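J.: Mind having a look at this structure? Questions to follow.
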Amino acid sequence: MTALISEQLATDPRVLQARELLAMALRDHQSKLIGVKVPDPGRAIEYAKLIAEFSCARAGGLYFPYLGSGIGHGSLVELADGSVKYDFISGIGVHFLGHGNPQLLQSGISAALSDTVMQGNLQQNSDAASVASQLLQLARSSGSKLEHCFLTSSGAMANENALKVMFQHKPGSSRIIAFEHGFCGRTMALAQITDKPQYRVGLPTTLAVDYVPFFDASDPKGSITKTVNALRKHLARYPGQHAAMCIELILGEGGYWVGDHEFFTAILTELKANSVAIWFDEIQTFGRTSRPFAFEHFDLAAWPDVVTVGKLTQLCATLFTAAFKPQPGLLSQTFTASASAIAAAGVILTMMSRPDLFGPDGQNMRVHRMITQRLKAISERHPQLLHGPFGIGAMIALTPLDGSEAKVKQVLKHLFDRGVIAFYAGNKPARIRMLPPVPVVTENDIETVCHILESTLLACAGN
Ligand SMILES: Cc1ncc(COP(=O)(O)O)c(C=O)c1O
């Protein structure tokens, strides 16, 4: 077999040398990013103008005045105003390997040399096939029956594809069951499943959704009874009409509320008995607990019919069992994802098949302990400053001060100005959530961020 021309290009000494030079240049410049830096006053006017123009163009302000400069180093990122900040939200869970990751530089170079910018349904490269196979391997090694994997470019599209295969699987069904306060995306259909009225103001009802309460850790037994009763009521009211239940095993946008095995199995048993498809939306949870899939963390591998993943994978996917295989024509799209996203997904999924990220003492759980121990220490020193911590693995939350939306906003803004990027989650009480870049974050980063958090909370408590 002769080498493909693309393989010859990949191993061309000029390419290899260019790779090394680029890696070296990145390393050299990254080494200047060593901690928080305030904005450069000389850039302030131009930066404010850029933010204002962009906000106007997109018909809505940015949550933070954040425009990246294009370089970062681990959990540090440089902004176009010259400031350097700790990124403890990772684009809401996307930049799991942090900023300026050398492995992702290499996968990006491979992608740039791989002929096209975007790969699509009609024409994709062999690396798209490898990524689908990597995801299925991970899913199967958990003992699940997931056999198919359809790739796409956003979480919302992965969830739309999930809805399609589940409705097609149960002809005549028209309803979905979901958790109260869950988040599922923002398309016309998903905005109905997402239980947040503000996200569907002015939209017509496109999908009938019945909600049940999520797990209440303060009353585990009562919580099971309450949710199963609510579920039974919906199932009895609309017999045979529910195609699926959308299950976030840890409510993400809802505030990092965590369920448990007993609670979930009680619900899943009910769903199975009524032929309602079990759909785990793992777009935020994938890769962030003690196992690659959160359904493994909760020991639920035998249950899912459909699982969606996204965010840290860079591209998104809908995995499903053989029974849910769609008829030809149901799933298709111009874009699978960008070549660089597909190449990066390959790197990230390879990392996930190694043991050091997972398990009770894997990096996810170690980082969790490092952060939560410090949050607990803050709350012991100043009980009025925070409640919590909450969450699991690399999904960590706290309720600051009175837990009002206004206070959370104020704390987040001050944190941002002091060099830490986090984000809100939930409502009544509102929380601050963190999605740290686990494989690259250091104990020193965590110490500094928690120190900044404590001083910010103290400052915000005073006014
Ligand atoms: C659980 C969950 N589902 C779906 C989505 C939608 O993903 P995307 O924003 O990529 O469309 C998100 C995004 O935050 C999510 O957290």
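The values are calculated or read from the model by the stated rules, or taken from the named source; none is laboratory data. Not measured: the values here are computed from a predicted model. All Cβ positions, glycine included, derive from the backbone under ideal geometry; neighbour counts span all protein chains shown. SASA here: full protein model, heavy atoms, side chains in, ligands and nucleic acids out. Shrake-Rupley method; radii C 1.70, N 1.55, O 1.52, S 1.80 Å.
J.: Among DSSP beta bridges lying fully in segment 118-353, give the percent that are antiparallel, nearest 5.
T.: Numbers: 14 of 31 bridges.
Taking every DSSP beta bridge within segment 118-353, about 45 percent pair in antiparallel fashion.
J.: Which of the peptides 284-292, 76-84 is most tightly packed, and how do the rest follow, going by the mean number of other Cβ atoms within 10 Å of each residue? Don't jump to the answer; show the numbers that get you there.
T.: Details: 284-292: 25.9, 76-84: 21.0.
Per-residue mean Cβ counts within 10 Å order the peptides as 284-292, 76-84.
J.: Oh, and also: Which FRET efficiency, nearest 0.05, do ALA323 and ARG232 yield, Cβ-Cβ r, R0 30 Å? Display every interim value, and only then the final one.
T.: Working: r = 24 Å, r/R0 = 0.81.
Efficiency at R0 = 30 Å is approximately 0.80.
J.: With just the Cα atoms defining each centre, how far is segment 308-376 from segment 1-76? Give it in Å.
T.: First find each Cα centre; the distance between them is then 23 Å.
J.: Using only the alpha carbons, work out the radius of gyration and Dmax of the chain in angstrom.
T.: 22.7, 72
J.: Work out the FRET efficiency for ALA406 and LEU113 from their Cβ-Cβ distance, taking R0 = 41 Å, and round it to the nearest 0.05.
T.: Details: r = 50 Å, r/R0 = 1.21.
Efficiency for this residue pair is about 0.25.
J.: Take each of the peptides 347-358, 199-210, 52-63, average the number of other beta-carbon atoms within 10 Å over its residues, and list them starting from the highest. Could you put the intermediate results ahead of the total?
T.: On the way: 347-358: 16.4, 199-210: 12.7, 52-63: 10.3.
So the peptides 347-358, 199-210, 52-63, ranked by packing, come out 347-358, 199-210, 52-63.
J.: What full-extension length gain, to one decimal in nm, is calculated for SER130 and THR334 as 0.36 nm per residue of separation minus the Cα-Cα distance? Walk me through the numbers on the way to the answer.
T.: Numbers: separation 204, 0.36 × 204 = 73.44 nm, distance 1.92 nm.
Net length gain for the segment: 71.5 nm.
J.: Residues in segment 413-427, backbone N under 14 Å from the label point at LYS196 (7 Å along the Cα-to-beta-carbon vector): list them, ranges by number please.
T.: 423-427
J.: Let me ask something else. Around THR399, with a cut-off of 10 angstrom between Cβ atoms, what is the net charge of the other residues, counting Lys and Arg +1 and Asp and Glu -1? Let's see the in-between values first.
T.: Details: positive: LYS407, ARG431; negative: ASP402.
Net local charge, THR399 excluded: +1.
J.: For segment 239-369, what does the accessible surface come to per residue with a 1.4 Å probe? Please give it in Å². Show your work: numbers first, answer last.
T.: Details: 4110 Å² over 131 residues.
Dividing the accessible area of segment 239-369 by its residue count gives 31 Å².
J.: Here's another thing I want to ask about it. Tell me, Kirkwood radius of segment 73-129 from alpha-carbon pair distances, in Å?
T.: Values: mean 1/r = 0.0741 Å⁻¹.
Here the Kirkwood hydrodynamic radius works out to 13.5 Å.
J.: Now, a different point. Residue by residue through segment 377-392, what is 3J(HN,Hα) from phi via Karplus (6.51 cos²θ - 1.76 cosθ + 1.60, θ = phi - 60°)? Round to whole Hz and write x for glycine and proline.
T.: Once rounded to whole Hz, the list reads 5, 4, 5, 6, 5, 9, x, 7, 7, 7, 10, x, x, 10, x, 8.
J.: Based on the mean of other beta carbon atoms within 10 Å per residue, what is the order of 399-410, 378-389, most packed first? Write out the running numbers ahead of the final one.
T.: On the way: 399-410: 17.8, 378-389: 16.1.
Highest mean packing first, the order is 399-410, 378-389.
J.: As a check on your grasp of the helix formula, calculate [θ] at 222 nm for the chain: sum -39500 (n - 2.57) over DSSP H runs of n ≥ 4, divide by the residue count, round to the nearest 500. All intermediate terms of the calculation are to be shown ahead of the outcome.
T.: Values: 15 runs with 189 residues, N = 463.
The helix-only estimate for the chain comes to -13000 deg cm²/dmol at 222 nm.
J.: Near ARG237, within a Cβ-to-Cβ distance under 15 Å, what is the net charge of the other residues, with Lys and Arg +1 and Asp and Glu -1?
T.: +1
J.: With no solvent and one equal point scatterer placed on each C-alpha of segment 118-353, evaluate the Debye formula and give log10 I(q)/I(0) for q = 0.11, 0.12, 0.13 Å⁻¹, two decimals.
T.: -0.52, -0.63, -0.74
J.: Please report, as a whole percent, how much of the solvent-accessible surface of the chain comes from carbon and sulfur atoms (probe radius 1.4 Å). Let's see the in-between values first.
T.: Working: 12000 of 20700 Å².
Reported share for carbon and sulfur atoms: 58 percent.
J.: Please tell me which of these pairs span more than 32 angstrom C-alpha to C-alpha: LYS37/LYS196; LYS376/LYS428; LYS221/LYS409; LYS164/LYS409?
T.: On the way: LYS37/LYS196 36 Å; LYS376/LYS428 21 Å; LYS221/LYS409 35 Å; LYS164/LYS409 37 Å.
Violating the 32 Å limit, Cα to Cα: LYS37/LYS196; LYS221/LYS409; LYS164/LYS409.
J.: So, counting K/R as plus one and D/E as minus one, what does the shell of residues with Cβ under 14 Å around ALA162 add up to?
T.: -2
J.: What spacing in nm lies between the two simple spin-label points modelled at ASP28 and THR205, each 7 Å away from Cα in the Cβ direction?
T.: 6.4 nm
J.: Another question, then. Read phi for every residue in segment 32-43 and hand back ³J(HN,Hα) as whole Hz from Karplus 6.51 cos²θ - 1.76 cosθ + 1.60, θ = phi - 60°, with x for Gly and Pro.
T.: 7, 8, 10, x, 4, 9, 7, x, 7, x, x, 9
J.: In nm, to one decimal, how far is the modelled label at ALA459 from the one at THR225, with both set 7 Å along Cα→Cβ?
T.: Calculated label separation equals 4.9 nm.
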